[in-house]
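Scroll down for the structure; my scribbles are underneath it.
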Amino acid sequence: MTNISQARYPGLPAGLTQGQPLLWLNPGYDPQADGRQTGLDPQIAEDRFTRCAGLLAQMFPELQAGGGRLSSPLTAIPHLRDALTRAPVAGAWLLKRDDALPVAGSVKARGGFHEILSLAERIAAEADLLPDGADRLVLAGPAAQAVLGRHAVAVGSTGNLGLSIGLIGAGLGLRAVVHMSADAKEWKKQRLRARGIEVVEHQGDYAAAVAAGRAIAQADPLMHFVDDEHSEALFLGYAAAAHELQAQLQTAGRRVDAEHPLFVYLPCGVGGAPGGILYGLKRLFGAHVHGFFVEPTASPCMLVQLACGVQQPVSVYDVGLDNRTDADGLAVGLASPLVAPLMASLLSGVFTVAEDTFYADAWRLEDTEGIYIEPSAATGLRGPLQVLDTPQGRAYLQSQGLASVMDQATHVIWSTGGSLVPEDIRQGFRQRGRQAAGVA
């Protein structure tokens, strides 16, 4: 199978179809590209979050302290850095803690909240309930609630996006439906149902659940389907995180310029969240930000799509991989057709991670820094080592003229979820992490 796949898709790196961890450098990367020609403007989402901040603060008490804004901490993790390597490592390691995002506890809140706020505004405007300049608190009023209550939102999800969509949808009075594969984690299904969100199970993988949910929604004129594979609203919601990170880096005294490069490591499933974040950062920092996606060895859908070209869809199944990984939020067979073409010039590369590695690293992070994240969110923790300590990474630094300035680099590892994982599930994750790390 490996020989057949690599003969058919010669751009695939050696070892990929055998499930070997690797770093792939994107041959199409253009340091000068920033995606502006697409017309996708993150300011649209930033403005929406600003005008809806009061509404969100009223809906969710957890957001009141932050004035109704979704934001997460940026935390230094020097002890983990020291635990992962005994050699001196240049630059600062920081963890962007979207695992600690209020309300929904994952990066998916950024895109999900934005899309449903956009939907609610559109429904209310079409009902003449939202004149220009109106306070968005009107959406919580009885007239708007009566209209919104006739509508539903649906999404295909492995859990985190479904929770985000369900919580914001229910908060706005919409009925929420989440389509999941039958073999998705049972505790995630229970968590959704406990929040009053309807769960519909389907045979097959994530893509099959998305396709089924899309078909059902298309038959109902009052049901909006949040399409994780194609949604510009989701994408822009994620892109709005870039300004938040920019402000946090400034507060931390971390410059971003030619002498102070920024490296960002983003776990990737279908690609919407990492693609949106990187797109937003490219709009702000241009050639001075270097984005790397991280995927499980069994599910490197973005790597496969970019390595094979974006002219036609190519899935991990097409190249002989099985898409079976415990990092269920990243268990996606086919990359987003919206995001992949954008990443063809914006993304520096992709590295893949084995199961035991991300379990062990999640345990190490908690052991050294006292921060718990779910294993799928820990896939990016070795990102700086991929750039600094591998032949491919060093070749990238040389090609970009960065080798001499890496002592001034900032490495941001994006943590995507984990704060809502039940304690009994956490204990199981910890035990496997200890075993994978070789700790008795």
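Please treat every number below as a calculation from the coordinates, not as lab data. Predicted, not measured: the structure shown is a model, and the values here were computed from it. Because the Cβ atoms are built from the backbone with ideal geometry, glycine has one as well, and the counts that use them run over all protein chains shown.
Please list, by residue number, everything in the stretch 398-436 whose backbone N is under 12 Å from a paramagnetic label point 7 Å out along Cα→Cβ of Arg255. Once the point is set 7 Å along Cα→Cβ of Arg255, 408-409 turn out to lie under 12 Å by backbone N, inside the stretch 398-436. In the stretch 108-234, Cα pairs under 8 Å separated by at least six residues give a relative contact order of 28 percent. Just report the Cα centroid separation between the stretch 358-391 and the stretch 173-208, whole Å. Here the answer is 28 Å between Cα centres. Relative contact order of the chain: 22 percent, from C-alpha pairs under 8 Å at least 6 residues apart in sequence. When only the Cβ of Lys, Arg, Asp and Glu is charged (+1, +1, -1, -1), the dipole of the stretch 108-234 relative to its Cα centre reaches about 540 debye. DSSP bridge analysis restricted to the stretch 209-349 gives an antiparallel fraction near 10%, rounded to the nearest 5. For the listed peptides 21-29, 202-210, a ranking on the average number of other beta carbons within 10 Å per residue, highest first, reads 202-210, 21-29.
Compare the peptides 161-167, 413-419 by average per-residue count of other Cβ atoms within 10 angstrom and give them in order, highest first.
Working: 161-167: 29.0, 413-419: 26.1.
Ranking, from highest mean packing down: 161-167, 413-419.
What FRET efficiency do you get for Asp389 and Ala14 if R0 is 22 Å and r is their Cβ-Cβ distance, rounded to the nearest 0.05? It would help to have the intermediate numbers written out before the result.
Working: r = 19 Å, r/R0 = 0.89.
FRET efficiency, Asp389 to Ala14: 0.70.
Over 23 Å between Cα atoms, which of Lys96/Lys189; Lys108/Lys188; Lys185/Lys282 qualify? Exceeds cut-off: Lys96/Lys189; Lys185/Lys282.
The Cα-based radius of gyration and maximum Cα-Cα distance (Dmax) for the chain are 20.9, 64 Å.
How high is the relative contact order of the stretch 199-272? Use alpha-carbon pairs under 8 Å, at least six apart in sequence, and give a whole percent. Could you put the intermediate results ahead of the total?
Numbers: 25 pairs, mean separation 18.5, N = 74.
This gives 25 percent for the stretch 199-272.
Overall shape of the stretch 108-234 was characterised from the C-alpha gyration tensor. The equivalent ellipsoid obtained from it has semi-axes of 26, 14, 12 Å, in decreasing order.
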